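To start, the structure itself, in structure tokens.
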Amino acid sequence: MFNPEKDFNRILLETLGRDGLSISALAKSLESKGIKHHRLILTGYLRAMTDIGYLKERDIPPSKIYQVTKALPESVYEQVGKACRKVSDDPDELILYTLFRMFKRPIFVSELKASGVSRPIGVPVSEEDAADYKKILKRAGNIVPAQAAVRPLEEMPDLLNEVLITILLDSTESRHLIAETKQSKLM
């Protein structure tokens, strides 16, 4: 589900910490953070995350301890923010433009914050337009942001291309395939 603030996977891994927790200790810790799930739901969730390799289950009778084995992949917002910082010295407008083009809609302030933008940028869209996009997000089962939505001030197609190439190369660990120098003549 879309949640630019923080998704449950990340909250769960942060709560488990390095040492891990039992299901009952995890349930109590999450409840203290305002997240209340039945222990059976947590058990299923933990087993699924164990199956896909993010957690390890240790049997310490009478309970099982779940420990984090690897971090979750970066969110799309983190990837865009990181790539834009590699491509531009002033990446904030580029982050907005990239997200705007990728999602084909105005971008909410919470999405910009998730990408690392902390200052106001872009042109605000009308309340009516923002409400329409909120309805679309809600219909798709997403958590709807309460903040304003903005669109970019200018077009940056060349930089967008560089950002998308950077994201692709970083996510596939393919930078070693790039020719660093250009050969001027054949030997």
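The values are calculated or read from the model by the stated rules, or taken from the named source; none is laboratory data. Nothing here was measured: the structure is a model prediction, and the numbers come from that model. A quick note on method: Cβ atoms are made from the backbone with ideal geometry, for glycine too, and the neighbour counts reach across all protein chains shown. We work out accessible area using only protein heavy atoms, side chains counted, and drop any ligands, DNA or RNA first. Shrake-Rupley method; radii C 1.70, N 1.55, O 1.52, S 1.80 Å.
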Query raised in the report: Is region 115-125 home to any residue that is in a helix (DSSP H, G or I), closer than 26 Å to Ile165 by Cβ, hydroxyl-bearing (Ser, Thr, Tyr) and modelled with pLDDT of 90 or more?
Result: no
Query raised in the report: Quick one: which of Gly53, Gly116, Gly44 is among the small types (Gly, Ala, Ser) and within 30 Å of Glu154 (Cα to Cα)?
Result: Gly116
Query raised in the report: Could you list, in sequence order, the residues of region 124-158 that are open to solvent by less than 40 Å² (accessible area, probe 1.4 Å) and in contact with a strand residue (DSSP E or B) (Cβ under 6 Å, 6 or more places away or on another chain)?
Result: Val125, Ala130, Pro145, Ala149, Val150
Requested in this report: Would you confirm whether any residue within region 162-182 is open to solvent by less than 60 Å² (accessible area, probe 1.4 Å), over 26 Å from Arg85 (Cβ atoms), in contact with a Leu (Cβ under 8 Å, 6 or more places away or on another chain) and assigned to a loop (DSSP other than H, G, I, E, B)?
Outcome: no
